[in-house]
Amino acid sequence: MNTTLRIALAVLLTAVVAQNAAAQWNNARLDGGRNRIYMTVGLDPAVISTVGYARVVPVLGHDFQLATDVGLVTARLDTHDFKARVEVQTPVMRWQSLQLSGAAAFVTRGTQNSVYRGLDFGADATATLGVYRRGWFAGAQFGKDKDIVTHITHTKWYREHVYPDAKDGWYLDCGGTFHYGLTAGVTLGRTELVGRAGFRRTEDWNPIMPPFYGSLGIGVPF
């Protein structure tokens, strides 16, 4: 296995260790409170726990929801395996209860193992078409998560036992994944419960293991 292939595999692991597991909130309730705190637990592909804060900001009479959150791999609660996101989400088109919304996020991911330490910067864009009512919503989603630039630092063990001349550094355009599936939520008082589930593919539309994702979230506006 040559150096380029080793780095590509390492970058791929960085790309999938902490994907987007955030919830899609009910656009019909953006006026229920300008602020929201939320938590999600999701499989994508590791089990990741995420906590975050969102605020609805009106611009020229149109509501935009700005959110930021941090997630850690739940199995070990290792701060080296993390993701952090800054996202903007807004309804794009609507007809009665039917809405098309869009979300764009800047994503930072990190991981560390016996082979390498990786830090990745990327972006995720997702479109959701659904029916939004005050007490519930349901929709279909399609999006792409793209790695923009990744920094790889190989460990001493890797240099001593596998490849002593491994090159550390920044690597551009390290791949991406498509994700598509369903999302739905219900309102219980002021609390929103939201679920997401679907499938993932590489940007060449090849399968990924595991091929599916899913998350459950709870959010409280105030």
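The values are calculated or read from the model by the stated rules, or taken from the named source; none is laboratory data. Every value quoted in this text rests on a predicted model; they were computed, and no experiment measured them. Methodologically, a virtual Cβ is constructed for each residue, glycine included, from the backbone with ideal geometry; neighbour enumeration extends over all protein chains shown.
On the basis of being modelled with pLDDT of 75 or more and touching a strand residue (DSSP E or B) at 6+ places or on another chain (Cβ under 6 Å), does Val56 make the cut? So Val56 fits the description; yes.
Of the residues screened, Leu98 is not one that is surrounded by fewer than 21 Cβ atoms within 10 Å (Cβ to Cβ) and either touching a Lys or Arg at 6+ places or on another chain (Cβ under 6 Å) or in contact (Cβ under 8 Å) with a residue 60 or more places away in the chain (or both). The number of residues in segment 124-144 being touching a helix residue (DSSP H, G or I) at 6+ places or on another chain (Cβ under 8 Å) and of a type outside the set (Ser, Thr, Tyr) comes to 3.
Taken together, His154, His161 contain a single residue that is over 30 Å from Asn27 (Cα atoms) and touching a strand residue (DSSP E or B) at 6+ places or on another chain (Cβ under 9 Å), which is His154.
Residues of segment 164-195 that are aromatic (Phe, Trp, Tyr) and closer than 30 Å to Pro221 by Cβ: Tyr180 alone. Residues in segment 101-129 that are touching a Ser or Thr at 6+ places or on another chain (Cβ under 7 Å) and farther than 21 Å from Cys174 by Cα: how many? So the count comes out to 4. If you take the residues in segment 111-145 that are within 27 Å of Leu30 (Cβ to Cβ) and charged (D, E, K, R), which one is surrounded by the most Cβ atoms within 10 Å (Cβ to Cβ)? If we take residues in segment 111-145 being within 27 Å of Leu30 (Cβ to Cβ) and charged (D, E, K, R), then Asp145 is surrounded by the most Cβ atoms within 10 Å (Cβ to Cβ). There is no residue in segment 110-127 that is under 22 Å from Gly52 (Cα atoms), in contact with a His (Cβ under 7 Å, 6 or more places away or on another chain) and modelled with pLDDT of 95 or more.
Screening Glu192 against (1) within 30 Å of Gln96 (Cβ to Cβ); (2) out of contact with any Gly (no Cβ under 7 Å at 6 or more places or on another chain) leaves a single unmet condition, (2).
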